[in-house]
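> What follows is a structure written as structure tokens; I'll ask about it next.
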Amino acid sequence: QRVARKRIRNFSGTSRFLTSSPGLNDKRGTAVVIGGTGYVGSHVVKQLLSKNYRVRATSRDAKKAAWIKNILSPTSAQNEANKGTGENESDVEIFELSLSNTTPTDAKMDSLLNGTDAVFFCAGFERQDPSTIDFMVNNAQATIQAAKRQKVSCVVLTSSGGSTNPSDHPN
């Protein structure tokens, strides 16, 4: 059997290979997307599903987040192959998580990350004020600490200039 290999770079500049077996039905792992129903997070969910990962997407309200279970377009190869089987929906689990300036409990984060291979922190904050920095730092740190406790091998943190720039900033 042929094994696909993909080179990734870490922050120190060294690289390693991610290996996986090819095939549409070969599930390569489970990834968590914190903020999975937001603009950036939903695109990350879609890409992970297209690569056949199982996804745990977080949302403040699980009922309102049900749409994320069907984010792959109806014409995608995976959706067509699984049409009417419910297979695509089973690849997305919605995990209710409401973030704030205080960090989520270790138990909640450990439960979310338990048994996963990667976590993507895509949560954002609507206001542009100093509390935004506290929100991003506290929750990113909680994510990293939980990933370390749960031995999650890949952590991706996202942010934008909008999270720290004042509202009247030209860019």
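The values are calculated or read from the model by the stated rules, or taken from the named source; none is laboratory data. Remember, predicted model here, so these are calculated numbers, not experimental data. Note that we place each Cβ from the backbone using ideal geometry, even for glycine, and neighbour counts take in every protein chain shown. Just so you know, the surface numbers come from the protein's heavy atoms only, side chains and all, with ligands and any DNA or RNA stripped out. Shrake-Rupley method; radii C 1.70, N 1.55, O 1.52, S 1.80 Å.
Conditions tested, residue by residue: (1) buried (at least 16 other Cβ atoms within 10 Å of the Cβ); (2) at pLDDT below 70; (3) small (Gly, Ala, Ser); (4) out of contact with any strand residue (DSSP E or B) (no Cβ under 9 Å at 6 or more places or on another chain).
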residue: Gly124; (1), (2), (3), (4): yes, no, yes, yes
residue: Arg127; (1), (2), (3), (4): no, yes, no, yes
residue: Ile133; (1), (2), (3), (4): no, no, no, yes
residue: Ala146; (1), (2), (3), (4): yes, no, yes, no
residue: His169; (1), (2), (3), (4): no, yes, no, yes
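> For region 27-49, give me each residue that is among the small types (Gly, Ala, Ser) and under 10 Å from Ile71 (Cβ atoms).
Those that are among the small types (Gly, Ala, Ser) and under 10 Å from Ile71 (Cβ atoms): Gly36, Ser42.
> Follow-up. For region 106-120: of the residues being in contact with a helix residue (DSSP H, G or I) (Cβ under 6 Å, 6 or more places away or on another chain) and open to solvent by 10 Å² or more (accessible area, probe 1.4 Å), which is farthest from Lys148 (Cα to Cα)?
Phe120
> So, in region 72-95, of the ones that are closer than 22 Å to Val119 by Cβ and open to solvent by 30 Å² or more (accessible area, probe 1.4 Å), which residue ends up modelled with the lowest pLDDT?
Glu89
> Select, from Ser20, Ser15, the only residue that is modelled with pLDDT under 90, polar (S, T, N, Q) and either touching a Ser or Thr at 6+ places or on another chain (Cβ under 6 Å) or open to solvent by 40 Å² or more (accessible area, probe 1.4 Å) (or both).
Only one candidate passes the filter, namely Ser15.
> While we're looking at this one, here's another question. Right, Gly41: at pLDDT 90 or above, on the phi > 0 side of the Ramachandran plot and surrounded by 13 or more Cβ atoms within 10 Å (Cβ to Cβ) or not? Even if it seems obvious, please write down each step before you answer.
Numbers: at pLDDT 90 or above: yes; on the phi > 0 side of the Ramachandran plot: no; surrounded by 13 or more Cβ atoms within 10 Å (Cβ to Cβ): yes.
It is false that Gly41 is at pLDDT 90 or above, on the phi > 0 side of the Ramachandran plot and surrounded by 13 or more Cβ atoms within 10 Å (Cβ to Cβ).
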